[in-house]
Each structure stands twice: as C-alpha cells, then as structure tokens.
Amino acid sequence: MKFFADTAEIDEIAELNDLGMVDGVTTNPSLILKSGRDILEVTREIAGMVEGPVSAEVVALEADDMLAEGRKLAEIAPNIAVKVPLTWAGLKTCKALSAEGTMVNVTLCFSANQALLAAKAGATFISPFIGRLDDINIDGMELIADIRAIYDNYGFETQILAASIRSANHMKDAALIGADVATAPPSVIRKMADHILTDKGLEVFMKDWAKTGQKIL
Ligand code: G3P
C-alpha cells in the first residue's frame with residue numbers, strides 16, 4: 001500500500017519523505033487554510049520535494065470553471081493530480097482532464113456507486129472518506145471493501161485512495177482490504193510505530209544496559 005501524506009505542512013512532509021514514507025501528498029482547501037500558504041506556491045514546493053502524485057483541489061463548482069482551475073493546477077508540475085469533488089460537474093471535469101493526460105483524484109466519495117462512476121470517468125484515484133462515515137455511524141472500511149470488490153470484478157484501474165484516515169488501525173484495515181493508497185495525517189503515520197510492549201521492552205533493556213557499565217561509543 002502506498003502512503004500519501006495528507007497535509008500541506010512542508011516540514012512534516014520533508015521529515016516523512018526523508019524516511020521514504022511518502023509516496024505522494026494530498027491537500028484540500030481546509031489543509032491549505034491550515035498551512036496559511038498560497039495554494040499555487042505551496043503546491044509547487046511540495047511537488048518539487050516529492051516524486052509521487054501531489055493532489056491539489058479545485059474550488060469551482062461548475063464544470064467549465066473546474067476544468068480551467070484544474071488545467072492551471074496541472075501546469076504547476078507533471079506530478080500534480082487534480083482533485084475534483086464527486087459531483088456531476090466533477091465527473092465531467094475528471095473525464096476531460098483524464099483525456100488530456102492529467103492525473104485526477106475524485107474526492108468526497110461516500111458510496112460504492114459514486115466510486116463506480118469515478119472509475120467510468122477515468123479517475124486515476126478515488127478517495128472514499130473513511131473517518132467521516134465512521135463519524136455518522138456508517139462503517140467506512142466496509143466502503144473500501146465494496147469498492148475493492150467492484151473494481152476487481154471489472155478490472156478498473158482507478159486506484160483506491162483511502163482518505164479521512166484518523167488512526168493507525170485505519171491504516172492496517174485499509175492495507176488488509178487492499179486499498180492501493182492510504183492518505184493520512186503525518187501524526188497517524190508516526191503512530192503506526194507505537195507499541196506499548198516496544199516501550200516497555202526498551203525500558204528494561206536500558207535499565208539492564210546501565211547495570212553493565214558498558215559503552216558502545
Ligand atoms: O483526504 C481527505 C481528508 O483530509 C479528510 O480528512 O479528517 O478531514 O475527514 P478529515
């Protein structure tokens with residue numbers, strides 16, 4: 001499973017990128033707001049740091065305007081994936097941009113039928129939002145499993161990009177189901193390294209090591 005960093009914070013991306021933990025980056029208007037940066041500038045900077053796809057989201061609601069925004073975002077760098085919402089206008093824009101050879105990430109997906117439409121429209125990525133479904137007591141991971149089954153039934157090449165990931169368990173479950181990509185906040189990716197028994201084991205080793213009176217360096 002590929003890991004995308006769901007953030008527009010340069011320092012956080014750089015740290016994970018240096019560890020080889022970043023196969024791409026996703027942003028959205030809320031993450032751009034949080035970063036306090038200009039969308040074009042920060043997207044250019046991220047796209048220059050990371051080899052994989054960097055998603056940048058359009059904000060127009062009508063297809064023609066979305067297409068114009070998408071083309072402008074795509075001009076930033078060859079590894080830009082234009083993010084469009086899963087609306088009819090978004091699907092039209094997806095079809096047009098995909099035909100031009102631009103990667104498209106169709107976002108705000110909350111049903112298997114929406115994912116089916118995105119694949120038909122030639123999306124490179126479909127972004128089902130797990131956490132936001134869990135928030136309203138609908139099993140977000142079940143949606144990932146449904147989309148996996150449907151895409152595999154028909155050989156769709158659209159990659160399932162599990163989004164709105166809130167916990168390390170979400171990462172494990174998405175990987176078990178076979179999501180192609182999971183995008184998560186860097187804090188969640190770091191949490192995947194945590195285990196209480198690792199901490200306890202290390203504590204014992206450190207105590208015993210101190211008793212040996214030895215040094216390695
Ligand atoms: O990639 C979409 C993601 O950023 C949404 O996450 O936590 O705002 O639902 P969240």
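As a test of the formula, what do you get for the chain when each DSSP H run with n ≥ 4 contributes -39,500 (n - 2.57) and the sum is divided by the residue count, at 222 nm and rounded to the nearest 500 deg cm²/dmol?
Mean residue ellipticity, 222 nm, calculated: -15500 deg cm²/dmol.
Give me the compactness ratio for the chain, meaning the Cα radius of gyration over 2.2 N^0.38 Å.
Scaled against compact globular proteins, the figure is 1.15.
Can you list the DSSP H helices in the chain whose Cα atoms extend at least 20 Å along the helix axis and whose mean Kyte-Doolittle hydropathy is -0.5 or higher?
140-154, 196-212
In terms of Cα to Cα distance under 15 Å, which aspartates and glutamates are near enough to LYS72, apart from those fewer than 8 places away along the same chain?
ASP38, GLU41, GLU57, ASP64, GLU100
In the stretch 77-101, whose amide N lies under 13 Å from the spot 7 Å out along Cα-to-Cβ of GLU41? List them in ranges.
Within reach of a label on GLU41, which here means backbone N under 13 Å from a point 7 Å along Cα→Cβ, the stretch 77-101 contributes nothing.
Would you mind putting 144-155, 118-129 in packing order, based on average other-beta-carbon counts within 10 Å, highest first?
Top of the packing list down: 118-129, 144-155.
Please give the Cα centre distance for the stretch 56-104 versus the stretch 8-30, rounded to the nearest Å.
21
Bear in mind these aren't lab numbers, they're just calculated from the coordinates by the rules spelled out. Values in this document were obtained by computation on a predicted structure and should not be read as measured data. Heads up, the Cβs are rebuilt from the backbone with ideal geometry, glycines too, and the neighbour counts pull from every protein chain shown.
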